Every structure is written in structure tokens, then in C-alpha cells.
Amino acid sequence: MPFSTLQQLRSASGLARSLFIYWRPGRQRSLKRLYQPFLAPGDIAFDVGAHLGDRSAAFQALGAQVIALEPQPVLAKWFQRLLKSPHITLLPMAVGPEPGHADIAISVGNPTLSTLATEWRSQVGERNPGFQRVRWEHTLQVEMTTLDALIERFGEPRFIKIDVEGFEAEVLQGLSHPVAALSVEFVAGMLDVSHACLEQINRLGDYRFNAIAGEQRQFRFDTWLTPDAMATWLAEGAEQLASGDIYACRSNHPLLASSRTAPSASL
């Protein structure tokens with residue numbers, strides 16, 4: 001069902017706001033600094049929930065071959081306008097626990113908050129004040145693949161970014177390869193999703209963890225945390241941060257060589 005005129009205006013306003021946030025001057029420089037320890041020329045990177053492509057742009061600037069996934073047609077169209085690189089492959093697909101199709105609920109006024117997570121969508125407004133006014137007025141059926149299927153097709157990534165509004169644990173269910181590093185979004189009030197992500201990551205192998213608040217570029221911890229320490233941090237409320245990203249590195253990752261690992265009881 002096409003958008004009404006009012007919905008089109010709200011969508012345009014939401015896109016303009018997102019373009020300012022994610023493509024403001026200086027942001028790419030800081031993103032490249034953030035991801036430089038994770039990616040080197042020739043590496044593969046997956047950008048799951050690519051939105052308007054700011055992370056994909058940073059990945060390819062570091063020399064990576066980027067596989068970006070964005071199932072929303074409007075965002076995918078803007079992604080293609082903003083990024084024209086032979087090193088980026090954009091797939092108009094969602095990622096989940098198994099191949100097939102799924103319904104994505106689209107927030108017309110906040111398109112980067114659209115989600116496949118039905119339960120998350122019904123609860124987040126009650127648990128997080130920042131989502132109280134978010135509405136999901138439009139539903140679209142999209143094709144779904146898995147991380148394992150993408151690895152079989154494109155090769156194993158050195159880094160995976162997952163930002164899919166409450167569907168992160170389901171995305172990880174479709175991964176059986178202990179990749180070098182990855183990140184998943186967390187949102188206040190919905191930290192049960194983060195605990196589920198932690199379980200899925202620990203299932204893959206021996207990982208260490210860190211976190212970044214919101215759209216900042218600084219890790220919260222000087223030393224990377226053990227799984228128990230990260231679980232404790234989440235259980236205690238993640239410092240009451242509104243949102244952010246949890247980063248996971250395999251225990252033999254070069255980034256950890258210059259960083260002590262915090263003991264389980266220490267944050």
C-alpha cells in the first residue's frame with residue numbers, strides 16, 4: 001500500500017534528519033578511526049541494517065569489500081545515491097535465523113527505526129522514553145537470508161555490523177562461523193535482547209566485549225570484558241545508557257594484544 005501524502009512528507013522529514021545525523025561533516029573521519037583496528041585492505045565486511053550507508057562508506061574507505069543489506073526500498077535507493085563504489089555490494093534483503101520472507105514494520109517518520117522484531121516493537125515504547133512517539137504505520141514483506149548463506153556466497157567477513165532494531169539475536173542465530181569481530185546495537189529497556197545476543201556470540205567461541213554509547217566513538221572500557229563481566233554490566237543496566245553498540249572480538253584478535261582483559265568481577 002503506497003504512502004499517503006502526509007506519510008510521504010513525514011518520510012521526507014525523517015530522511016532529512018537521518019541524512020544530517022549520519023552524514024554530517026567529520027563523521028566519516030571518526031568512523032574510519034573507530035573501525036581501523038577491525039579492517040584492513042582486502043578484508044570483507046558485512047553491514048547488516050545498512051540504512052543510509054555511513055558505516056559501509058567507512059568500511060570501504062579502509063579498503064574492505066563491503067556486503068551491505070538494507071531491505072527498505074527508500075533507504076536502499078538513498079544508499080545507492082550516496083555510495084557508488086565497486087567495492088560495495090548492496091542487497092535489498094533482511095537477515096535472520098533462516099532463509100525465507102518476513103514482514104518489516106516501517107516507521108514512516110523514523111525509517112532507520114524500522115524493525116522485524118514484533119515483540120520488541122510492542123514493548124520498546126513502554127520501556128524507553130525515546131521510543132514513545134515512534135509509530136510503525138507501514139508493513140512490507142521482504143526477502144530474508146542468513147549470515148551463513150552470505151558467508152557461503154561472499155566469504156567470511158573480518159567484521160560484521162548488526163543494527164536491526166531488536167532483531168539482532170535472530171540475525172546471530174543464522175551464524176555458525178566464529179568471525180573475528182562484530183557489533184550489535186543495544187537499547188535501554190530492551191536489554192534482554194542484548195543478553196540473547198551475548199548467548200549467541202558465546203555459542204560461537206571465546207570472545208571479549210566492549211561497548212560504545214550512542215553515536216560516540218570511544219569504547220567505555222580500557223580493558224575488554226569477559227563474557228561474565230559483560231553480562232554483569234548489562235544486568236546492572238548498562239550504565240543507564242539510552243542506546244549504543246556492543247563490540248565482540250575473538251580472544252585471539254590483534255586488537256586485544258595491547259589491551260588487558262578485565263576479570264569477570266571487574267568493570
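The values are calculated or read from the model by the stated rules, or taken from the named source; none is laboratory data. It should be emphasised that the depicted structure is a prediction, and the values quoted were computed from it without experimental measurement. We place every Cβ from the backbone using ideal geometry, glycine too, and count neighbours over all the protein chains shown. Calculation scope for accessible area: heavy atoms of the full protein, side chains included, ligands and nucleic acids excluded. Shrake-Rupley method; radii C 1.70, N 1.55, O 1.52, S 1.80 Å.
Here are the numbers for the structure shown:
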read-out: Only Lys, Arg (+1) and Asp, Glu (-1) charged, at Cβ; the chain dipole about Cα centre in debye; value: 1200 debye
read-out: Of [x] 1.09; [y] 1.01; [z] 0.96, the label for Cα Rg over 2.2 N^0.38 Å derived from the coordinates; value: [z]
read-out: Glu137 long-range amide H proximity, modeled H, under 5 Å; value: Ile106, Val108
read-out: Dipole of the chain, positive end: most advanced residue of Ala58, Leu198, Ala242 [Cβ charges, Cα centre]; value: Ala58
read-out: Stretch gain in nm, segment Glu98-Gln218, where the contour uses 0.36 nm per residue and the Cα spacing is subtracted; value: 39.8 nm
read-out: DSSP-defined beta bridges in segment 130-267 - what % are antiparallel, rounded to 5; value: 75 percent
read-out: Considering only the chain, percent of DSSP beta bridges that pair antiparallel, nearest 5; value: 55 percent
read-out: Segment 58-142, dipole about Cα centre (Lys/Arg Cβ +1, Asp/Glu Cβ -1), debye to the nearest 20; value: 360 debye
read-out: Förster-model FRET efficiency, 30 Å R0, Leu140 and Asp192, C-beta, rounded to 0.05; value: 0.70
read-out: Trypsin sites (Lys or Arg not before Pro) restricted to segment 71-161 and DSSP loop, no more than 10 other C-beta within 10 Å; value: Lys84, Arg133
read-out: Cα-centre dipole for segment 154-267 with unit charges at Cβ (Lys and Arg positive, Asp and Glu negative), debye to 20; value: 500 debye
read-out: Protection proxy ranking of 47-53, 96-102 - average other beta-carbon atoms within 10 Å, highest first; value: 47-53, 96-102
read-out: Probe 1.4 Å, accessible area per residue of the chain, Å²; value: 45 Å²
read-out: Extension gain (nm, one decimal) between Ser30 and Gln123, 0.36 nm per residue minus Cα-Cα; value: 30.2 nm
